[in-house]
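Heads up: the structure comes next, in structure tokens.
Throughout, read-outs are computed from the coordinates displayed, never taken from laboratory work. Here the structure is a predicted model, which means the values were calculated and not measured. As a convention, Cβ positions derive from the backbone with ideal geometry for all residues, glycine included, and neighbour counts pool all protein chains shown.
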Amino acid sequence: MFTVILLAGGFGTRIRELHPDVPKPMIPVAGRPFLEWALRYWKREGATRAIVSLGHLAHVAEAYLQTRPPDGLEILTVTEPHAMGTGGAVRFAAARAALSDPFAVANADSLIVADTRPARDCLRDTAIGGALLGVPVPDTSRYGSLAISPDSRLLGFREKQPGAGLINAGVYFFRPRLLPLFAEKTPLSMEVDVFPALLAAGARLHVLPADAPFLDIGTPESLREAGEFVRRNLE
């Protein structure tokens, strides 16, 4: 039982021409908005509440969630007053939800169908402030990679370079005590601003490898693959 913050406020620049009237997470995939598939996945993982952080065309998602809320999952929508970046959206949503227990953060326009229990379990160690999922890939040159220590602690983010490694899956678990370290600036990026600040403050962040199906609907090509991805992994 935990809360997940789903970041659904992006503009979807690369695919906006295909669906100009809906925000990217609300694009239909296999008969349902992609956001609904993400909510179903997180419910399956044990989430009991989802805070959906909205921005661009927020009213579309709000109307849908009011009329068709997923069974067994409490939904709270929070709309950014302006584009706040991923870190700013987390800070804003968490403040309005008054979180007191460890919580998850994930993008609502991508999905890794992974078992998140190892990440949640590692937070049983109260010295650990957060955990993130890393996807093993044979070549990190397209993405950049995670720099980790032999005991799986996050050391930082490497620039794009050839070779195998772990890339950021965009799924995080945090203790609320880290939230005051999220800077009061806008926009605030998780990778560029938040994680470096957390590491500089001495926060212990662990990386959990997750060799699992992954999809980001941010390009026309990946959007065409989304229906089959959902049918294979979520239906």
* Asked: Once amide H atoms are built 1.01 Å from N in the peptide plane, which residues 5 or more positions from PHE157, or in another chain, come under 5 Å H to H?
  -> ALA147
* Of THR126, LEU205, THR86, which is farthest along the charge dipole of the chain in the positive direction, counting Lys and Arg as +1 and Asp and Glu as -1 at C-beta? -> THR126
* **Value at 222 nm in deg cm²/dmol, rounded to 500, when DSSP H runs of n ≥ 4 in the chain each add -39,500 (n - 2.57)** => -7500 deg cm²/dmol
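What is the sum of charges around SER145, taking Lys and Arg as +1, Asp and Glu as -1, for the other residues whose C-beta is under 12 Å from the C-beta of SER145? Display every interim value, and only then the final one.
Details: positive: ARG142, ARG158, LYS160; negative: ASP139, GLU159, GLU191.
Residues close to SER145 contribute a combined charge of 0.
Based on a Kirkwood Rh over C-alpha pairs, give the Stokes-Einstein translational diffusion coefficient of the stretch 27-140 at 20 °C and viscosity 1.002 mPa s in µm²/s.
Working: Rh = 15.6 Å.
In µm²/s, the coefficient is 137.
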* **Inter-part distance where the stretch 167-235 and the stretch 78-123 are each reduced to a Cα centre, Å** => 9
* Note, ³J(HN,Hα) from phi for the stretch 206-215, Karplus 6.51, -1.76, 1.60, rounded to Hz, x at Gly and Pro -> 10, 10, 10, x, 9, 7, 9, x, 9, 9
* Structure fact -> GNM of the chain, Cα pairs under 10 angstrom: of ARG68, ARG49, ARG158, the biggest fluctuation goes to ARG68
* Rg and Dmax of the chain, Cα atoms only, in Å -> 16.8, 48
* Using alpha carbons only: equivalent-ellipsoid semi-axes of the stretch 119-235, gyration tensor based, whole Å -> 26, 17, 16
